[in-house]
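Okay, so here's the structure we're looking at.
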């Protein structure tokens, strides 16, 4: 870990006790996600982040909006769908042989 990376991580660690429980959960999830990446994937993520930081502010905002929209759509697709309420069936409709 470079000294810059270590410094950033220590900053997060200092702020962690002051964070809300949901923010702490987000930090934990992101750390687990990062941990699961291969070294090559981490390096690729770092390069993409540097490219992102070099974009003009308008382009960064546009990409952030697109990412947020995509994330919201993914969450909506992952949300459990409530089953349709069961409708009572008339006894004569239940058994087609008795008609």
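The values are calculated or read from the model by the stated rules, or taken from the named source; none is laboratory data. What you see is a predicted model; the values in this text were computed from it and never measured. Cβ placement follows ideal geometry from the backbone for every residue including glycine, while neighbour counts extend to all protein chains displayed.
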What number of residues within segment 34-48 satisfy the criterion of being within 20 Å of the chain's Cα centre (by Cα), loosely packed, with under 10 Cβ neighbours inside 10 Å and part of a helix (DSSP H, G or I)? 2
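Taking the options 60, 75, 65, name whichever one is modelled with pLDDT under 85 and part of a helix (DSSP H, G or I).
Details: 60 fails: modelled with pLDDT under 85; 65 fails: modelled with pLDDT under 85.
Matching residue, one of 60, 75, 65: 75.
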If you go through segment 50-77 one residue at a time, how many are surrounded by 10 or more Cβ atoms within 10 Å (Cβ to Cβ) and either touching a residue at least 12 places away in the same chain (Cβ under 8 Å) or closer than 23 Å to residue 1 by Cα (or both)? 1
